[in-house]
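The values are calculated or read from the model by the stated rules, or taken from the named source; none is laboratory data. Values in this document were obtained by computation on a predicted structure and should not be read as measured data. Cβ: placed from backbone, ideal geometry, glycine included. Neighbour counts: every protein chain shown.
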């Protein structure tokens, strides 16, 4: 398979990334709403399993071979397990913190990608100005995190939800590095995504059973519609676009651009869920935007 990777983000990539960021920002709100009736690990498992089924049907319709042996099994299992723990942390964390705060913290993942990519591809080594951008964004997020100890708007365990969001971000960054540093880098985006969805669906379902999660009552449309949005629009469609972008564009720039997502997440949380807005959180968002500008400076 030929390597058609590009060195810069073009107009198509920017448009797709902005769309994905908007969907992912709203996704935190959808998860938070569905948690009222569907436990976190059970919800995450249903999301992954449902999206995996849609992806298998899509690939069959497009004639994309998914089941051939191509040496991706080891990396696929690792990426799937990282994906499962990542979203386990995010879904459980949303029980303790607000959707808008979670949207800020999980997008620390570009720091992991930026620090790890030079060991995989020397062409993606960051220059000092780009590193300054990452440090600026990181500093703003850290400043917002410590607000969870002094003024926890979401409750006394807000710090725990924030911390789980940060762990989820680290795992997301590690997953991106696995995708770029293994045979999955040349696999079809559909196969890359199926590995993560299939393995995470199984792992999260086992985790839900082990945790003793049960439904208190039959879920209503109030939680089923947000779950359907997560499954079809976010986990199936937008992630398929995300892995295509990772394959065709520089991973560090793609990952750093997604720091726009907290802006959409903050807006969704404030406008739709009534999440409180604090000066520290706004400062973190300003730092994130400045970091994007510096990292993507040509």
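Quick rundown of the values:
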{"quantity": "Residue, modelled with the lowest pLDDT, within segment 108-122, restricted to residues that are surrounded by fewer than 19 Cβ atoms within 10 Å (Cβ to Cβ) and over 20 Å from residue 142 (Cβ atoms)", "calculated": "122"}
{"quantity": "Segment 179-198, residues that are at pLDDT 90 or above and within 26 Å of residue 137 (Cβ to Cβ)", "calculated": "196"}
{"quantity": "One residue from 19, 35 being out of contact with any helix residue (DSSP H, G or I) (no Cβ under 6 Å at 6 or more places or on another chain), at pLDDT 90 or above and within 17 Å of residue 165 (Cα to Cα)", "calculated": "35"}
{"quantity": "Which numbered condition residue 64 misses (of (1) out of contact with any helix residue (DSSP H, G or I) (no Cβ under 6 Å at 6 or more places or on another chain); (2) part of a loop (DSSP other than H, G, I, E, B))", "calculated": "(1)"}
{"quantity": "Failed condition for residue 173, given (1) crowded, with 21+ Cβ neighbours inside 10 Å; (2) modelled with pLDDT of 90 or more", "calculated": "(2)"}
{"quantity": "From 132, 126, 81, 55, residue being more than 16 Å from the chain's Cα centre (by Cα), more than 27 Å from residue 289 (Cα to Cα) and in contact (Cβ under 8 Å) with a residue 60 or more places away in the chain", "calculated": "55"}
